[in-house]
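The values are calculated or read from the model by the stated rules, or taken from the named source; none is laboratory data. Computed from a prediction, not measured in an experiment: that's the story for all the values here. For neighbour counting, all protein chains shown are included, and Cβ atoms are generated from backbone atoms with ideal geometry for every residue, glycine included. Calculation scope for accessible area: heavy atoms of the full protein, side chains included, ligands and nucleic acids excluded. Shrake-Rupley method; radii C 1.70, N 1.55, O 1.52, S 1.80 Å.
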Amino acid sequence: MLEKLDEQATSALLSLDSGDLAYCLKLTKRFEQMGVSPQHASNALCTLVENGNLEDLYQAG
């Protein structure tokens, strides 16, 4: 699904450090398995990156 994400989401992912990027790539794969559309996945990833607290999410999970 990564190649299907919109330009904004791809750009947001490329701005991340390696730990956050790895987490988002796992989320992207999970979204695809759940049948989430690429547009919805793009929106969700952009929101997560913009909130700036990805590390809190994957350390809590």
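Odds and ends about this structure:
- Unmet requirement for Gln8, which otherwise passes all of (1) surrounded by 11 or more Cβ atoms within 10 Å (Cβ to Cβ); (2) outside any helix (DSSP H, G or I): (2)
- Selection of segment 43-61 for residues being over 15 Å from Asp6 (Cα atoms) and not aliphatic (A, V, I, L, M) yields Glu50, Asn51, Gly52, Asn53, Glu55, Asp56, Tyr58, Gln59, Gly61.
- Long-range neighbours under 7 Å by Cβ, at least six apart or interchain, first residue in contact (Cβ under 8 Å) with a residue 24 or more places away in the chain and under 12 Å from Glu55 (Cβ atoms) within segment 6-33, second open to solvent by 60 Å² or more (accessible area, probe 1.4 Å) and part of a helix (DSSP H, G or I): Gly19/Glu55; Asp20/Glu55; Tyr23/Tyr58
- Residue count for segment 24-42, restricted to those that are open to solvent by less than 100 Å² (accessible area, probe 1.4 Å), under 17 Å from Glu7 (Cα atoms) and more than 9 Å from the chain's Cα centre (by Cα): 3.
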